[in-house]
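Trainee: First the structure, then my questions, so here it is.
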Amino acid sequence: MIVIQIAQTLDESRKEEHAAIECCQNLGKGLTIAEITKERIRRAGAKIKEQTATSAPGLDVGFRVLKIDVSTMEDVYYRPEDLKQADLLGHLDNIRADRTPEDLLFHCLVDWGIGLDLPIVQETIQGKTVFFVDGTGLVACFDPGVTEELVKELAARKPMRVVFRDSSYASDAVKINIEQIFRSLSPGTEVRGI
């Protein structure tokens, strides 16, 4: 199920919205219709879990909230005459500084056309955060210091797709060898960098 809700602010002058405003205040949430919608989904999920406690223990009634934002990538529309040689090192990373690993993951899901509703598991492997979407449908690591050992461990799981941040590699050699590692250990894996 997909619910789309504009974060419309509740109007305190409207009597019919007073209960919703009070609910948001009690929850410590913003005074928007979107917050009321999320709380209704939480309560419906809790009721479903309660009703199916014996027939479906561990039932997942969670949900994701996604918000539209500007691109994860930096605007890189420069004219050659506007760039100076000394400024080039400042343009090595093409990802906005305020983006989280989850932002990057969902960027990749949209880019690849992968369902946003698929299960996502986060694991720590060799000290790095790795996301597994739909089992091994997509494996993503955006942490710095990615080593060949980590790449080999991920390739051994034979993911369908794998993505790393271009600036994540521990060395240039790792970045150069990643394609070959996957070609030898998991030839069916599509490898990308962002």
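Trainee: Between rounded, prolate and oblate, where does the range 29-76 land on the alpha carbon gyration tensor, with a ≥ b ≥ c its root eigenvalues, rounded for a/c under 1.5, else prolate if a/b exceeds b/c?
Mentor: Numbers: a/c = 6.56, a/b = 2.02, b/c = 3.24.
Oblate, since a/c reaches 1.5 and b/c is not below a/b.
Trainee: Taking the Cα centre of the chain as origin and charging only Cβ (+1 Lys, Arg; -1 Asp, Glu), how large is the dipole, in debye to the nearest 20?
Mentor: Details: 24 positive and 31 negative charges, 134 e Å.
For this selection, approximately 640 debye.
Trainee: Okay, moving on. Under the classification rounded if a/c is under 1.5, otherwise prolate if a/b is larger than b/c and oblate if not, where does the chain fall, given a ≥ b ≥ c as square roots of the Cα gyration tensor eigenvalues? Write down the numbers at each step before the final one.
Mentor: Values: a/c = 3.18, a/b = 1.50, b/c = 2.12.
Since a/c reaches 1.5 but b/c is at least a/b, the shape of the chain is classed as oblate.
Trainee: Also, quick follow-up: So for the range 1-65, taking the charge dipole from beta-carbon charges (+1 Lys/Arg, -1 Asp/Glu), which of Ala19, Gly58, Ile41 sits furthest toward the positive end?
Mentor: Most positive-ward Cα: Gly58.
Trainee: Related question: Could you order peptides 124-132, 61-69 by the average number of other Cβ atoms within 10 Å of their residues, highest first? Before the final figure, lay out the partial values.
Mentor: Values: 124-132: 15.7, 61-69: 9.4.
The densest-packed peptide leads the list: 124-132, 61-69.
Trainee: As an exercise, take the mean of 1/r over every pair of distinct alpha carbons in the range 1-65, invert it, and state the Kirkwood radius in angstroms.
Mentor: Values: mean 1/r = 0.0755 Å⁻¹.
With all distinct Cα pairs of the range 1-65 included, I get 13.2 Å.
Trainee: Mind checking which lysines have their Cα closer than 16 Å to the Cα of Lys152? Skip sequence neighbours fewer than 8 apart in that chain.
Mentor: Lys128, Lys175
Trainee: Could I ask something else about it? Give or take rounding to whole Å, what are the principal axis extents of the alpha carbon atoms in the range 100-193, in descending order?
Mentor: That works out to 35, 27, 21 Å along the principal axes.
Trainee: Here are some pairs, Lys15/Lys49; Lys15/Lys47; Lys29/Lys49; which of them have Cα atoms lying more than 26 Å apart in this structure?
Mentor: On the way: Lys15/Lys49 33 Å; Lys15/Lys47 28 Å; Lys29/Lys49 24 Å.
With Cα atoms farther than 26 Å apart: Lys15/Lys49; Lys15/Lys47.
Trainee: Still on this structure, I have one more. Can you tell me the dipole magnitude for the range 1-65 around its Cα centre, using point charges on the Cβ only (Lys, Arg +1; Asp, Glu -1), in Debye to the nearest 20?
Mentor: Working: 10 positive and 9 negative charges, 51 e Å.
Around 240 debye, computed over the range 1-65.
Only the coordinates and a few stated rules stand behind these numbers; no lab work does. All of these numbers come straight from a predicted model, not from anything done at the bench. Because the Cβ atoms are built from the backbone with ideal geometry, glycine has one as well, and the counts that use them run over all protein chains shown.
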